[in-house]
């Protein structure tokens with residue numbers, strides 16, 4: 001069964017811009033969502049990612065009945081969201097990260113009471129549910145604080161609790177972790193995983209934070225210029241855009257640079273060549289082949305492999321989206337030729353995008369890299385966390 | 001998922017919101033008192049203004065200063081009570097900007113009812129009190145030939161007056177969907193309407209009389225009931241007998257209000273707007 005069914009969904013906005021020095025307006029049509037089709041199976045967790053203005057929020061507003069589609073159809077929980085908005089409202093929970101659904105001047109506790117009344121929940125059951133959410137989201141100490149005095153992290157947890165109060169079948173989160181510190185993000189993700197495991201809630205999540213996707217979603221939809229650019233798993237996405245992996249080898253003795261290896265490019269050599277970083281394309285060679293080739297030349301003491309940075313992967317999709325890329329679905333469906341910057345050289349030209357990059361340029365590269373891992377590593381799911389042997 | 005019968009009545013959600021709004025106003029007693037006082041001041045100043053005008057002329061639009069008390073009392077009481085109930089709808093533009101309107105979409109109640117019950121401006125009670133005092137003085141001070149029909153007329157006129165102004169506030173809200181920064185314009189609708197209501201409609205020339213008599217029928221709020229109670233004939237186009245049609249005028253305003261609101265929501269959601 002599908003909780004969300006979207007078919008040929010299109011939404012256009014008419015913009016009226018005043019012309020400089022002339023009277024009247026220019027009428028411009030902006031297509032925010034362009035004949036998009038996808039399904040979300042009940043109980044699944046889907047990440048919906050795209051650059052700002054790619055059409056994420058517009059899609060969500062159409063799924064929830066706030067906006068009427070220009071053409072195409074939407075069914076959320078089997079309902080037409082606009083015509084049966086009120087019925088649907090009882091079955092979905094929505095959090096808009098930058099907008100509050102709570103009463104800013106009331107203690108948090110009261111917002112929950114009012115929302116329970118709005119959804120006409122039986123008071124005892126509502127109290128039990130509130131207690132449950134308050135405990136799981138660790139909000140006990142903030143219940144009597146007016147919402148306007150809550151910190152961003154506290155408010156976001158409160159928003160999510162508010163959206164879950166009536167036990168919705170579908171939870172839609174629009175940038176739930178925006179502006180949160182690493183620890184708050186992690187706690188929020190843990191809660192969402194538990195909630196899904198307990199209640200089987202379907203989750204649709206938009207985010208700029210790849211950690212959210214990696215930790216919470218088994219499937220990603222990438223939207224670009226209003227079109228679906230990718231639909232599949234996250235590793236599949238990395239494969240699709242031809243992201244490289246990086247092999248880091250620690251050698252027994254200082255050595256010359258490891259150049260001329262088939263399918264690999266040297267990114268950096270540190271400590272007189274004791275540690276060398278090689279980027280390779282998994283489609284051309286494997287880590288094992290590369291390691292064998294290196295071992296033929298020098299003695300390898302230790303090694304680690306860095307996975308492709310997903311943010312970099314997505315950036316490639318975005319930068320490819322000049323509006324001409326066809327909407328494709330399924331892992332591996334995006335033609336490699338449509339993604340510029342797929343080659344190693346062009347990737348190496350973009351400064352400061354990736355830890356690998358910084359390492360290649362920085363003098364005290366190891367330290368820098370370590371610092372970076374420290375920054376992101378608390379959130380234990382980052383790609384920088386490498387697999388050491 | 002097990003479908004539970006909804007708890008409580010259809011009114012439960014609105015009552016919960018309104019009660020919390022009242023509580024929150026009481027939570028800051030000093031600021032509430034200040035608001036009450038400033039609203040009282042507005043009421044008093046408005047009355048002083050009218051009093052000064054009538055003090056300097058013997059009659060305006062066929063009414064003397066004692067008769068004016070009725071006109072002022074009726075129009076201001078209706079306006080103040082409408083403002084308490086739905087006056088905050090003219091903040092719709094802010095609601096749109098803050099995303100509150102999106103939040104309304106995510107709750108299982110009609111949008112307009114949610115907007116109306118999203119707040120209640122108790123601080124305007126003091127202005128209503130001023131108007132009520134003036135109205136009482138007018139009812140006592142004037143020589144009214146009281147009969148049961150007149151009592152019915154006075155009550156139905158007040159209720160229609162509240163409904164007319166409430167409808168005008170909703171019209172203003174409906175228009176704000178199109179003019180997100182247009183609260184100035186829509187204020188001319190509501191506050192302008194209130195100002196027009198407290199003038200004797202006889203002073204208006206033809207087109208204005210038609211405007212306030214029938215298009216935006218604020219003459220039904222105070223002027224027509226006043227001349228009917230006083231037994232005055234009324235000017236051309238607005239005979240005193242029309243006073244009985246206050247409910248009809250209110251209905252007309254609400255038809256406009258709901259149409260404008262519907263068009264506004266359609267525009268917001270983007271379907272055919």
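The values are calculated or read from the model by the stated rules, or taken from the named source; none is laboratory data. The model shown is predicted, which means the values in this text are computed figures rather than measured ones. Positions of Cβ are backbone-derived with ideal geometry, glycine not excepted, and every protein chain shown enters the neighbour counts.
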Condition broken by residue B:178, with the remaining ones in (1) over 30 Å from residue A:168 (Cβ atoms); (2) more than 14 Å from every other protein chain (Cβ to nearest Cβ) satisfied: (2)
Restricting to the range A:1-55, and then to whatever is closer than 30 Å to residue A:211 by Cα, more than 14 Å from chain B (Cβ to nearest Cβ) and modelled with pLDDT under 85, can you tell me which residue is surrounded by the most Cβ atoms within 10 Å (Cβ to Cβ)? A:50
Restricting to the range A:67-84, name every residue that is surrounded by 22 or more Cβ atoms within 10 Å (Cβ to Cβ) and facing chain B (nearest Cβ under 7 Å). A:67
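Among the residues of the range B:228-273, write down those that are in a loop (DSSP other than H, G, I, E, B) and away from chain A (no Cβ under 14 Å). Talk me through it step by step, then tell me what you get.
Of the residues in the range B:228-273, the ones in a loop (DSSP other than H, G, I, E, B) are B:231-239, B:270-273.
B:231, B:232, B:233, B:234, B:235, B:236, B:237, B:238, B:239 - these are the residues of the range B:228-273 that are in a loop (DSSP other than H, G, I, E, B) and away from chain A (no Cβ under 14 Å).
Which ones in the range A:85-103 are assigned to a loop (DSSP other than H, G, I, E, B) and facing chain B (nearest Cβ under 7 Å)? Give the steps one after another, and end with the answer.
We begin by selecting, within the range A:85-103, every residue assigned to a loop (DSSP other than H, G, I, E, B); these are A:90-91, A:97-103.
Listed by number, the residues that qualify are A:90, A:99, A:101, A:103.
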Test set (1) crowded, with 19+ Cβ neighbours inside 10 Å; (2) touching a residue at least 24 places away in the same chain (Cβ under 8 Å); (3) within 22 Å of residue A:105 (Cα to Cα); (4) touching a helix residue (DSSP H, G or I) at 6+ places or on another chain (Cβ under 7 Å) - residue B:88 fails condition number: (4)
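How do the helices (runs of 4 or more DSSP H) wholly within the range B:108-213 filter down when requiring 1 or more residues that are modelled with pLDDT under 90: which remain?
Numbers: elements: B:111-116, B:125-141, B:148-176, B:183-197, B:206-210.
In the range B:108-213, B:125-141, B:148-176, B:183-197, B:206-210 are the helices (runs of 4 or more DSSP H) which contain 1 or more residues that are modelled with pLDDT under 90.
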Candidate set from the range B:230-243 (those that are crowded, with 18+ Cβ neighbours inside 10 Å and in contact (Cβ under 8 Å) with a residue 40 or more places away in the chain); member that is farthest from residue A:14 (Cα to Cα): B:230
In the range B:13-25, is there at least one residue being in a loop (DSSP other than H, G, I, E, B) and at the interface with chain A (Cβ under 9 Å from one of its Cβ atoms)? no
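Quick one: which of B:136, B:129 is surrounded by 15 or more Cβ atoms within 10 Å (Cβ to Cβ) and more than 14 Å from chain A (Cβ to nearest Cβ)? Can you show your working first?
On the way: B:136 fails: surrounded by 15 or more Cβ atoms within 10 Å (Cβ to Cβ).
Being surrounded by 15 or more Cβ atoms within 10 Å (Cβ to Cβ) and more than 14 Å from chain A (Cβ to nearest Cβ) holds for just one of B:136, B:129, which is B:129.
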Kindly indicate whether any position in the range A:235-245 is surrounded by fewer than 22 Cβ atoms within 10 Å (Cβ to Cβ) and assigned to a strand (DSSP E or B). yes
From (1) under 18 Å from residue A:259 (Cβ atoms); (2) in contact with a strand residue (DSSP E or B) (Cβ under 9 Å, 6 or more places away or on another chain), pick out the condition that doesn't hold for residue A:292. (2)
Hand me the list of helices (runs of 4 or more DSSP H) wholly inside the range A:104-207 holding 2 or more residues that are in contact with a strand residue (DSSP E or B) (Cβ under 7 Å, 6 or more places away or on another chain), within 11 Å of chain B (Cβ to nearest Cβ) and surrounded by 15 or more Cβ atoms within 10 Å (Cβ to Cβ). A:152-164
Within the range A:109-126, can one find any residue that is touching a residue at least 12 places away in the same chain (Cβ under 8 Å), more than 18 Å from residue B:111 (Cβ to Cβ) and under 28 Å from the mean Cα position of the chain (by Cα)? no
